[in-house]
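This report refers to the structure that appears directly beneath it.
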Amino acid sequence: MISGISIYEILTVSTIIFFIGIYGFVTRKNLIAMLMSVELILNSAALNFVIFNKYLFPNELGGAIFSIFIIAVAAAETALALAIIINLYRLIMSLKTDDLETMKY
Amino acid sequence: MDILTLFVVIPVLTVVALIFSKGIKQHRVVALIGFIIQTLMSFNLIYQYLQERAGGNHDVMVFTKDVMWFAPMNIHYAIGVDGISVLMILLTSIIVLTGIFISWKVDDLPKEFFISLIVLASGVYGFFISVDLFTMFVFYEIAVIPMYLLIGIWGSGPREYAAMKLTIMLMGASALLLVGILGVYFNSNADGGALTFNIFEIAKVNIPVDAQKLFFPFLFIGFAVIGALFPFHTWSPDGHASAPTAVSMLHAGVLMKLGGYGIFRVAMYVMPAGAHYWANFFMVLAIIGVFYGALAAIKQKDLKYINAYSSVSHLGLVLLGLLMMNEIAWKGAMLQSLSHGFITALFFAMIGVIYGRTHTRIVTKMSGLLNVIPVAGALYVIAGMANLGLPGFSGFVAEMNIFVGAFQHADTFHRVITIIAVSSIVVTAVYILRVVGMMLMGPTTPEFKNLPKISWYEKTGTYILVLFIVLIGVFPLWWGTIITDSIGPFIEKILTF
Amino acid sequence: MDLTYTVLIPLIPLFMFLFLGLNYKRIKEPLSGYIGTAGLLITALLSFYTAYRYFFDFGKVDEVYQKIYAFNTVWIHFTESLHIDMGVLLDPISAVMLIVVPLISLMVHFYSIGYMHKEPGFTRFYAYLSLFTFSMLGLVLATNLFQIYIFWELVGVSSYLLIGYYYEKPSAILAAKKAFIVTRFADFGFLLGILMISYYAQTFDFKILNDLDFINNLKMQTGIFMGLSVITVALVLIFIGGAGKSAMFPLHIWLPDAMEGPTPVSALIHAATMVVAGVYLVARLFPMFYFFDDGFALHVVAWTGAFTTFFAAIIAFTQYDIKRVLAFSTMSQIGYMMLALGVSGYGGHEGLGFMAGIFHLFTHAMFKALLFLGAGAIIHAVHSNYMQDMGGLRKYMPITHITFLIAALAISGIPPFAGFFSKDEILAAAFEHNFPVFVIGYIVAGMTAFYMFRLYFRIFWWNEPDYKHKPHEAPKTMTIPLLILAFMSIFSGFIPFSKLVSSDNVPFTAHINWTLAGLSIGIGVIGILAAMLFYKKEKDLSERFRYAFGDFYKWTYNKFYIDDIYFFVTKTIIFKYISSPFAWFDRHIVDGTMNGIGNGTVWISTKIKKLQSGRIHDYAMFFVSGVLIIILIVWFSINY
Amino acid sequence: MIVFAAMTVSNKNIMRSIIYLLFVLIGMAAIYFMIEFYFLGAVQLTVYAGGIIVLYVNSVMLVEKINNPLPSAALWRRLLAGFLSALGIALTLIAVWSYDFSVVTENQAKEISIEDIGVALLGYGDHGYILPFEVISVLLLAAMVGAIVIAKTNKQKEIANK
């Protein structure tokens, strides 16, 4: 509970970050940059968990725990995704999404 | 095991035997034996059926059996036959048997060919013995799928195109059919009781008239597409033209009959009000098919196209007979189904025989074949004469039943339609004689001076067909009686609803 | 009395057909002819015996000839009263036909052994002849209308097969096709007529249909169509069927072409038996024709007959193919028979025309078969059908000459030959009932004499052309039938026909009206003399006449271009403007629609496919927008 | 924070955007600290700011030249994405602001300690999260194995290529 800051404001912040992440995911053409946008999205979600936990159910730990999970999963995901990306880079020498069209039809 | 289930089981056993047989000779023999057994069984079935009727069994269906198959939706494996289905089964077995004879020389993947043929046949048998809509539908699909393979793999000409067209159109029809069947199913408890797929259970209740009006066209068109109703007939010329001989025979001879049979047994029987409501509309389509198929056949050059359009015309008569809503016309429609089955199978067999020798089906390229292959030529003439409704052959009997039945309606609409239908006999004569005159008669084309004679297996196959055509044509009373015996329930249900 | 054996009369030829047809490879030339002839001989004897016994033994009960069903069995069952039977009916006219058909057929069978010598397909020929005889006998013995129709079709198909016997000759194929299709077209009318009767009368049975009480009842019940009783309409339709088979105008076009068949076939089918089926049909239903709408249908018959007889006679003047002359003469004579039926009344002497029509049918069968067989012998000798290649044949072929002359005299109506008696009674009947028709008939009698003797003089007198082979008299197998038929042509006129055949089956006595007879003999003689003047010696008189008539001659020679009109209608209109568009329509519009649905699906899917770009951010974009859209939809649907 | 986030997704230099991302993450951690979730904040800092960012930097350095400007998407795409995001923000905010959260203000004294979290993670009672914990551990294991496999197969392929 931060004095002077209501849940609404924090939620506003997290929402904006979430959509900035989405914007980035859609507009970025570099795979790593896209991954970073995903980080933003994840973070805003984690923030929401925590905030709800704190403001609404202060006596429970669910939100916090799930944030921890999110962080863990994000870390794993990042590691894995970067491994894939690097492999991919070795394969096609590019990270531009335009060059990655093999999933087309 | 009961006598009817055997019709599904024996083909399966034949397939198993085929899988284990080696070499083309063994394949042929195994397939032949399998189908001789089935033919004998169908004769036996007729005999047993007549015994049963003579023994005073006047149930709608005899040899019935009912096994629960999928309880939550009340789907049964319910079977039974009446006079009509018995004859249809006979037709099927005869045509498949002759088809095996005719395709004796298939040497491209013979095992798979025969297997597909047999699977197709078992689907058809299943269709004819089912009295449960769902099982019927399943068997229908079983019959349609091998068709795709048979045309796509063993066909000629633009076979992929034809196979695709045929399958897609028939599948589209199945979709309509399924809608119709479900529509019937969900209205089958109108008078209380559980939902059911069993035709006779459904027939006992009165489906609400609005539902009948709504779902009748679905069922009708669903079945009529396979019966080549105008304007859904276009798969048939292409399909026939590309299909191998035996498949054309089976297709035109049997598969297209599923349409008329289904309409009669299912669509009209369970939804009499819908049938009356829609009869005139579909009658117009049917008569267009009759006349138009005949006219379109005049100008075709490919033998198979001619025959395919002729089938459109003749099957239009079947639909017309069904829609005329009286006993005589119904009998005629059923006889026409039988008769057209035999005749058209003979036709396609002869086309196959001729094509196998000249390697062309274009009428204008052939001339004077009667000199070179007289037996085949004579058989072709017989097929032609039977097709144009010469007395003594089956076509005449069937057509006359339809015409006399159709003439029992005195209003102008029916009169006009009947007259147009009758006039088709003239047009039929034109296109048949045109082909006979061009292809068989006249001076022999030099390149066809030496063609091999018709061989024993081809002879055997076609003679069997001719025999049946003549049997129906000369002794129509016997066949007619079997059919009339079974029409009673339909009259009760459809005419006096 | 057991008459079931009569079933054998048609069945023996059927058996012969099957036997010869199935063994046509094994049975060689002369043998099959002997087998066929022997079979037919049995049939002929049986039918003569039956006819004799019918007329003089059991047929007459209380001075009325009965309709007897010697055999009748249900063939197709429709309803209780409406069913198609197969049976054997004995009554005066069928008994007459029982004499005509087997007799001529037997003659032709016998004759063909010589005529068809060394033709390929000799056995086939005999098989077809047997088939034809079977069908024709089935037709005349029919117990009901539908049975007639059934055999009618069979007769048509055997005619088709026989015309197309020389199947390598394109003209024969065309002629066969034409014959079949034209008659088939007429049969369409016939069938419609039958169907209409089946609906209103609910029976096909002749016994019932010809019953006067029944006809009166029916008159009360049936509706009106265009001012006529529907039954009249049906009868006219049936008559169209008859007109097709009997080559009445305008359905006659097939008959001259049918001469492409072997000559014995022309004699049997296209002169003596099959073509009179139409006459037989009208006679069969005579009471119905007479009683409905005061014989309206009968007037149609009379005028069609009158027109055809005149029309055909004109064309016969100008033809050079001797078989065609005979063909037009046949048309003309059948028109005469139709005319006779058409002017007939009902009962007793009123029904003179009916009797005369059948009488003429009988005598005509004899002399026309004789003419054709004689023509066959001539063609056999000179190997040509054309008059230009003939002349002076009387020296080479004495028997043929004499018999031909007898036949020509008979057809010209010179006593005491058969044609005189029958023709005279036709003219008498016409004179009594319908004067304009009588005038036409009278003129045609003269014309007949003229063109027959034109033929006769042209062939047997005239100047000899240069024969490549010297013509020789035909073999015995051919001359014997000629002699038998000549005998019949002379004496069959003396049969007291009115004692045997009458419209109400009650025998009556017909007297020869000697005034009329004198007149008709007179015009016949004039015709003969005119022909003699023109054609006995080679002169240019006929040429001059030809120029004098100019265009008319050309028209006549081309048979008034009716063939061309038909050709135009079928080839151009039906094929080009109806059938082709239908075929095109089917391939492009109907099928095009179906293909269009398929192609449309493919087209749409290729467009949709592009959206599947494989780029993650595109997917993401779609995903996000999709989610947002769904949210918006839910939102609005909740709030509003 | 929002500004940094925006910079993250819009900067043309990837290195810089990583740094901006770092700032965002640190901001997150700050918020955690402010609401007294110290452990969470610490984890955020160590794992994210420490681990993940370093990973990013490493991978970027491995695959790309740092001063290569990032290709930016087409204008219509950016506009569309911007519009969509704005719409999303608007919708969500409307939802958030129109919802009446029952914020619990009393009983705030208790500070969440690491022990509490540990107990909760391993507990199987009312507020125990042993099952998700195990699932996550399996997932992590799988991810680890997956990463190794991916890396390894590729190496083999390279060897094969050589």
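The values are calculated or read from the model by the stated rules, or taken from the named source; none is laboratory data. Everything numeric here is computed off the predicted structure, so don't read it as measured data. Methodologically, a virtual Cβ is constructed for each residue, glycine included, from the backbone with ideal geometry; neighbour enumeration extends over all protein chains shown. Accessible surface is based on the protein model in full, side chains and every heavy atom, while ligands, DNA and RNA are left aside. Shrake-Rupley method; radii C 1.70, N 1.55, O 1.52, S 1.80 Å.
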Item to check | Check on C:PHE636, more than 10 Å from every other protein chain (Cβ to nearest Cβ) and either touching a strand residue (DSSP E or B) at 6+ places or on another chain (Cβ under 7 Å) or at pLDDT below 75 (or both) | outcome: no
Next on the checklist: Quick test of your reading of the structure: B:PHE197 fulfils all but one of (1) touching a strand residue (DSSP E or B) at 6+ places or on another chain (Cβ under 9 Å); (2) within 14 Å of chain C (Cβ to nearest Cβ). Name the failing condition by number.
Outcome noted: (2)
Checklist entry - Can we say B:ASN401 is at the interface with chain C (Cβ under 10 Å from one of its Cβ atoms), in a helix (DSSP H, G or I) and open to solvent by 30 Å² or more (accessible area, probe 1.4 Å)? => result no
Next on the checklist: Filter the stretch D:143-162 down to the residues that are open to solvent by less than 100 Å² (accessible area, probe 1.4 Å) and either at pLDDT below 75 or farther than 23 Å from A:ARG90 by Cβ (or both) and list them by number.
Outcome noted: D:ILE150, D:ALA151, D:THR153, D:ASN154, D:GLU158, D:ALA160
Checklist entry - Limited to the stretch C:118-158, what total is found for residues that are surrounded by fewer than 24 Cβ atoms within 10 Å (Cβ to Cβ) and not in a helix (DSSP H, G or I)? => result 4
Checklist entry - Which fully enclosed helices (runs of 4 or more DSSP H) of the stretch B:127-211 have 3 or more residues being open to solvent by 10 Å² or more (accessible area, probe 1.4 Å) and modelled with pLDDT of 85 or more? => result B:133-154, B:159-186
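Quick grid of which residues meet (1) surrounded by fewer than 24 Cβ atoms within 10 Å (Cβ to Cβ); (2) at pLDDT 85 or above; (3) in contact with a Leu (Cβ under 8 Å, 6 or more places away or on another chain):
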| residue | (1), (2), (3) |
| --- | --- |
| C:PHE214 | yes, no, no |
| C:ASN217 | yes, no, no |
| C:GLN221 | yes, no, no |
| C:ILE238 | no, yes, yes |
| C:LEU251 | no, no, no |
| C:GLY261 | no, no, yes |
| C:ASP294 | yes, no, no |
Checklist entry - Looking at this structure, is B:ILE432 touching a Phe, Trp or Tyr at 6+ places or on another chain (Cβ under 6 Å), in a helix (DSSP H, G or I) and at negative phi? => result no
Item to check | Tally of residues being over 20 Å from C:HIS117 (Cα atoms) and open to solvent by less than 50 Å² (accessible area, probe 1.4 Å) across the stretch C:16-31 | outcome: 0
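Matching residues to (1) basic (Lys, Arg); (2) within 11 Å of chain C (Cβ to nearest Cβ); (3) open to solvent by less than 20 Å² (accessible area, probe 1.4 Å):
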site	(1), (2), (3)
B:PRO391	no, yes, yes
B:GLY405	no, yes, yes
B:VAL416	no, no, no
B:ILE432	no, yes, yes
B:GLY437	no, yes, yes
B:THR445	no, no, no
B:PHE468	no, no, yes
Checklist entry - Hey, any hits in the stretch C:165-180 for a residue that's more than 10 Å from chain B (Cβ to nearest Cβ), within 30 Å of C:PRO120 (Cβ to Cβ) and not in a helix (DSSP H, G or I)? => result yes
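Let's see how each residue does on (1) closer than 19 Å to C:HIS117 by Cα; (2) in contact with a helix residue (DSSP H, G or I) (Cβ under 6 Å, 6 or more places away or on another chain); (3) part of a helix (DSSP H, G or I); (4) open to solvent by 80 Å² or more (accessible area, probe 1.4 Å):
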| position | (1), (2), (3), (4) |
| --- | --- |
| C:LEU14 | no, yes, yes, no |
| C:GLY36 | yes, yes, yes, no |
| C:LEU46 | no, yes, yes, no |
| C:TYR52 | no, no, yes, yes |
Item to check | Selection count, the stretch C:14-35, where residues are closer than 15 Å to C:TYR111 by Cβ and modelled with pLDDT of 85 or more | outcome: 1
Checklist entry - Residue check, B:ILE89 against (1) assigned to a helix (DSSP H, G or I); (2) modelled with pLDDT under 85, all met but one. Which one? => result (2)
Checklist entry - Would you say A:ILE70 is more than 7 Å from chain D (Cβ to nearest Cβ) and at pLDDT 80 or above? => result yes
Item to check | Matching entry among B:ILE3, B:ILE84, B:ILE102 (being open to solvent by less than 70 Å² (accessible area, probe 1.4 Å), in contact (Cβ under 8 Å) with a residue 12 or more places away in the chain, among the β-branched types (Val, Ile, Thr) and not in a helix (DSSP H, G or I)) | outcome: B:ILE3
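To keep it simple, each residue is scored yes or no on (1) within 7 Å of chain D (Cβ to nearest Cβ); (2) modelled with pLDDT under 80; (3) open to solvent by less than 10 Å² (accessible area, probe 1.4 Å); (4) under 20 Å from the mean Cα position of the chain (by Cα).
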{"site": "A:VAL13", "(1), (2), (3), (4)": "yes, no, no, yes"}
{"site": "A:PHE18", "(1), (2), (3), (4)": "no, no, no, yes"}
{"site": "A:LEU31", "(1), (2), (3), (4)": "no, yes, no, yes"}
{"site": "A:SER44", "(1), (2), (3), (4)": "no, no, yes, yes"}
{"site": "A:THR78", "(1), (2), (3), (4)": "yes, no, yes, yes"}
{"site": "A:THR97", "(1), (2), (3), (4)": "no, yes, yes, yes"}
{"site": "A:LEU100", "(1), (2), (3), (4)": "no, yes, no, no"}
Checklist entry - Quick one: would you say B:PRO231 is within 14 Å of another protein chain (Cβ to nearest Cβ) and either open to solvent by less than 10 Å² (accessible area, probe 1.4 Å) or part of a helix (DSSP H, G or I) (or both)? => result no
Checklist entry - List pairs: first in the stretch D:48-61 and in the same structural domain as D:THR8 (by TED's automatic domain parsing) and open to solvent by less than 30 Å² (accessible area, probe 1.4 Å), second modelled with pLDDT of 80 or more and not hydrophobic (A, V, I, L, M, F, W, C), Cβ under 8 Å, 6+ apart or cross-chain? => result D:TYR48/A:GLU39; D:TYR48/A:ASN43; D:ILE52/A:GLU39; D:ILE52/A:THR78; D:TYR56/A:THR78
Next on the checklist: Between B:ILE328, B:ILE298, B:ILE343, which is modelled with pLDDT under 85 and out of contact with any strand residue (DSSP E or B) (no Cβ under 7 Å at 6 or more places or on another chain)?
Outcome noted: B:ILE298
Item to check | Residues of the stretch D:27-47 satisfying the condition of being open to solvent by 20 Å² or more (accessible area, probe 1.4 Å) and more than 7 Å from every other protein chain (Cβ to nearest Cβ) | outcome: D:ALA30, D:PHE33, D:GLU36, D:TYR38, D:PHE39, D:ALA42, D:LEU45, D:THR46
Checklist entry - Take the residues of the stretch B:267-311 that are part of a loop (DSSP other than H, G, I, E, B) and closer than 23 Å to B:THR344 by Cβ: which is least open to solvent (accessible area, probe 1.4 Å)? => result B:GLN300
Checklist entry - For B:VAL60, are the conditions met, namely being more than 30 Å from B:GLY352 (Cα to Cα) and of a type in the set (A, V, I, L, M, F, W, C)? => result yes
Checklist entry - For the stretch C:465-482, what are the residues that are of a type in the set (Asp, Glu) and touching a residue at least 24 places away in the same chain (Cβ under 8 Å)? => result C:GLU473
Next on the checklist: Consider the stretch D:1-26. How many of its residues are within 30 Å of A:PRO58 (Cα to Cα) and more than 9 Å from every other protein chain (Cβ to nearest Cβ)?
Outcome noted: 5
Checklist entry - Do we find that C:SER198 is part of a helix (DSSP H, G or I) and either more than 9 Å from every other protein chain (Cβ to nearest Cβ) or among the basic types (Lys, Arg) (or both) in this structure? => result no
